[in-house]
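Single-structure report; data block below.
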Amino acid sequence: MDQYDRLFAQSFIPQWMIRQRQAENHVRREIDKLIEDRAELEYRVSATKSHNKIVAQCVGNEYHNMIQPSKPCKYCQQTEHFSSHCPSRPRAHSPCRHCGATNHPSYKCFRKPENAQNLAKVIKRSPAEARWLQVRRSWFTHHNADSYNCYICDVFMLRADTTLDHVQPRGSHPHLRYEEANLEPCCVRCQGAKGSKSLAYYLAERDKQGQNVSPYARMLAARIVGDVSVL
């Protein structure tokens with residue numbers, strides 16, 4: 001006979017009440033056990049995190065000391081990085097063997113015979129596109145440089161960012177479409193804004209908006225207005 005049975009025998013407490021109290025006590029013990037287990041688990045997790053953090057710091061310091069350069073960088077004289085990873089390291093390539101430009105290596109040049117043959121196999125262009133590409137390449141060959149200035153806004157451009165614009169629009173002057181004398185280096189923004197407009201009309205729009213116009217563009221516009229057959 002346990003204590004609840006004795007209690008029932010002494011005070012005549014109903015048996016259902018005793019069973020309810022036994023169930024409540026059992027639930028309380030289980031909850032206390034879960035709380036203790038959770039506290040122990042949290043303590044172990046925090047200890048593991050702190051231990052891993054300390055180990056990572058030690059390993060990081062050893063790795064940093066291991067890869068620390070033994071001599072200063074030859075470009076910026078700093079000891080935080082190697083010369084091969086220096087941001088001040090010049091990136092210019094040696095002149096290309098095929099076109100003479102320095103903005104790309106020789107094996108990537110589109111004028112390399114193997115690359116030209118592969119492009120011809122993959123890309124099928126119309127006769128007009130093929131002729132335009134030929135004129136464009138011829139213009140860059142005759143005006144070979146690493147950088148250009150936009151003939152309208154005079155902004156600096158690298159060769160890879162340079163486009164060619166028709167000074168006299170090809171829509172109103174189709175006979176000048178493939179003339180190199182009608183082509184000038186232009187930035188993408190000015191070329192898109194000019195579109196099929198005449199140069200004089202587009203320069204007047206830029207003057208109204210207060211945008212910069214190069215003297216060379218004004219000279220070209222004056223020559224076109226004075227003599228349409230010029231260029």
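General remarks:
- Likely footprinting exposure, 163, 141, fewest C-beta neighbours within 10 Å first: 141, 163
- Gyration tensor verdict on the range 131-231 (Cα atoms; rounded if a/c is under 1.5, prolate if a/b is larger than b/c, oblate otherwise): oblate
- Sorted by Cβ neighbour density within 10 Å, fewest at the top, the residues 94, 198, 88: 94, 88, 198
Throughout, read-outs are computed from the coordinates displayed, never taken from laboratory work. Here the structure is a predicted model, which is why all the values come from computation and not from measurement. Please note: Cβ atoms are built from the backbone with ideal geometry, for glycine as well, and neighbour counts cover all protein chains shown.
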